[in-house]
Amino acid sequence: MTVTRGGKKLFDFGQNIAGYLSFKVNAKAGQKLTIRCGELLENGELTLKNIQCVNKKKTTPLQRIDYVCKEGENVYKTTFAIFGFQYAEIDTDLAITADDVTAIAVRSDLEETGAFCSSNELLDRFVEATRRSAENNSADLLTDCPTRERHGWLGDAQIFVKTASYLFQYLPFARKFVNDICDAQHKNGCFPQIAPTGGVDFYMRPMDGSAGWSDAGVLIPYRLYLQYGDRAILQEHYEQMKRFADYKIGTLGKWYPSARHTGISPRYARSISNYGQSYGEWAEPADVKAFAVSDFVSPHPEETTAYIVYLMECMAEIARILEKEDDEKRYRTIAEKARKGYQKLVEAKRFSLDTDRQAKLVRPLYFRLLSDAQTRFAGQRLIKALENYGWRLGTGFLSTPLILYVLQELDIEFAYKLLENEEIPGWLSMPKAGANTVWEAWEGPNAVSGGIGSLDHYSKGAVVEWLFAEMCGIRVNGENRFLIAPKPGGHFTFAEAAYKSVFGTVRSGWRKAAAGWTYTIEIPPNCTARIQLPDGTEKTVGCGCYTL
C-alpha cells in the first residue's frame, strides 16, 4: 500500500484480475470509505479514463464502492458486482493497511489443458497474459473486458475459440455460449453481434449480422467439433446454422440504403454482399486506419463477401460431416459464386490489393479467395506492406489470428520475424511494457480515445493457437489421431507445448542442436500420430515417446 499525492491509499495487487474486494476495518458509526478499482495509473494516481465513457449526463463504469461504517468492526465484500482491476484506491480517514484488504478473482472454473514454454521470455509472458485475460473474461459467458462493456461479443469469441480450446477444457463453457447465440437468433435467421443481448443500445442493433461477428454462430460450433470430435454440437444447431447461412445468401446482390458503389459491373455485383452495417476489420493500429464511427454506417463489401465465401465452405464441410449431400453441394456452389465476385471486387480501385493495409491482404490469402495471379501479387504485396511498416503488426481483430498462417506459407521465417517483433504494434510489445493481460488496442495505455482502451481483452491473444498448432505442431486430426508437424525458426533455441486433449495428453517440442533440430514428441495411449518434419521426414507412430 502507498499513499498518493492526493492523499488516497493505493493498493497494487500485482495482477490485473476480474473480481471483487474484501476488507475489514474498525470504525465509528457513520464513518465512510470510497473505493475505486481500475487497471491504470497516471502520475501515480488511479485513473479510469481508459475504460470510462463520459457524456453530459453520466460517466460509466464507475467501479466504485461507497461504504458507510457501523460501530466497531466492519467486514465487507462486494456481493452483486465484479470489477476489472489491478489497483484499488481507498479514500478514507480510517486506519487501513494492506493486511486489511484482499482482492478475490472470480471466473468460471475452466480446467487448464495447455502449457507452452520457449526460449523467448516475452512470448512466454504473453501466453500467460492471454490465459489470464481469457479467465478474467469468463464469468459464465465470454465477455470482451471485465470493466466497461462486459458484453458477449461474438467477433472476439470466434477468433479466440481455437486458442481457448488449447488452453482450457473449453467445450462445456463454449456450448453454453453457443446456446446463448442461438437463443438470440432473429426470426430472419440473422445471428446477433452480442449474446446474450442484454444491455445492447438500440442504435447498435443494425450491426447484427456483421461479418466476422455473427458468423460465430457457425464458426464456433464447427471449430469445437474439429478440436473435440463431438458431432452433437453440429447436429443440435444445424437448423439454426442453415437459417443463418440462408440469411447471408440473401444479402448477395441486395440493395442497402447506405451502401456505396463498388465500381464493379452489375453482373458481378450480384455475387457480392454490399448489405448491412458492419464493423469491418475493427481496431487496426491508429496510424494504419484511424477509428471513425462513420465507418460503421455503411456496409463493408470486402470483409462481408470474404466471410460469406468462408461461411459457405464451413457449412459445406458441416453438411458433409452430417451426410447432407444436397446441402453440401449447394453451399459449395454459392461459395464459388461469391469467390468470383470477390475476385472482381478487388480489381476495383477502392478495394485494390495494392495496399499497405495488411488485413486487406491477409484475409483473401487465408480464405483462399483469389485467382492464382492475384494470390501471387497479394503475397508479394503483403511482404512489402510489412517492410513498409517495419515488420510490425498492422491488422485488426479479424486478421490478427490469421497472419502467421499466411506468412508461413510464403516463408516460415517471415512468420517468426513478425512474431518476434517487440515494438508497438506487436504481441511482444505488451509484456515488454509490463502488461500482465492483453490489451484491446495495440497502443495499450496510450489508446485512451475512441473507446478502445481496455487493458484486459483477450482477442489479440488468439495468436496462441498458432504456437500450439504450428510452432509446436500439435493438431487433433480425428478421433484418437493427431498430426504433429512442428515448425522451428527465428531466433528461438527451443519451444515445447503440451495439450491435454480429450484423447489424452500429447506433447511436442524442438530444440536447436549442433546441426539442425532435435524433436521430442509424446503420443498418449490408444492414439496414433502422423509426424511431419520440415526436412520432409514423415512417419506414422503409435503411443509412446519419440526423439527425432
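The values are calculated or read from the model by the stated rules, or taken from the named source; none is laboratory data. Since we're looking at a predicted model, the values are computed, not measured. All Cβ positions, glycine included, derive from the backbone under ideal geometry; neighbour counts span all protein chains shown.
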Worksheet item: From THR113, THR143, which residue is buried (at least 17 other Cβ atoms within 10 Å of the Cβ) and free of Cβ contacts under 8 Å to residues at least 24 places away in the same chain?
Response: THR143
Worksheet item: Somewhere in the stretch 171-180, is a residue closer than 22 Å to ILE474 by Cβ, surrounded by fewer than 21 Cβ atoms within 10 Å (Cβ to Cβ) and free of Cβ contacts under 8 Å to residues at least 24 places away in the same chain?
Response: yes
Response to the item:
Among strands (runs of 3 or more DSSP E) entirely within the stretch 1-109, at least 3 residues that are polar (S, T, N, Q) occur in 9-27
Fill in: Residues within the stretch 8-29 that are hydrophobic (A, V, I, L, M, F, W, C) and surrounded by fewer than 17 Cβ atoms within 10 Å (Cβ to Cβ), tallied
1
Discussion item. I'd like to check something: does the stretch 505-514 contain any residue that is out of contact with any Ser or Thr (no Cβ under 9 Å at 6 or more places or on another chain), surrounded by fewer than 22 Cβ atoms within 10 Å (Cβ to Cβ) and among the small types (Gly, Ala, Ser)?
Written reply: yes
Worksheet item: Which ones in the stretch 200-251 are among the charged types (D, E, K, R) and more than 25 Å from ALA469 (Cα to Cα)?
Response: ASP201, ARG205, ASP208, GLU236, GLU239, LYS242, ARG243, ASP246, LYS248
Worksheet item: Is at least one residue of the stretch 280-288 part of a loop (DSSP other than H, G, I, E, B), crowded, with 21+ Cβ neighbours inside 10 Å, within 25 Å of the chain's Cα centre (by Cα) and of a type in the set (D, E, K, R)?
Response: yes
Discussion item. One residue is enough: does the stretch 455-473 have a residue meeting the conditions among the β-branched types (Val, Ile, Thr) and assigned by TED's automatic domain parsing to the domain that holds LYS162?
Written reply: yes
Worksheet item: Can GLU347 be described as touching a helix residue (DSSP H, G or I) at 6+ places or on another chain (Cβ under 9 Å), within 19 Å of PHE397 (Cα to Cα) and of a type in the set (D, E, K, R)?
Response: no
Worksheet item: Checking GLU440 against (1) under 21 Å from GLY516 (Cα atoms); (2) part of a loop (DSSP other than H, G, I, E, B), which single condition isn't satisfied?
Response: (1)
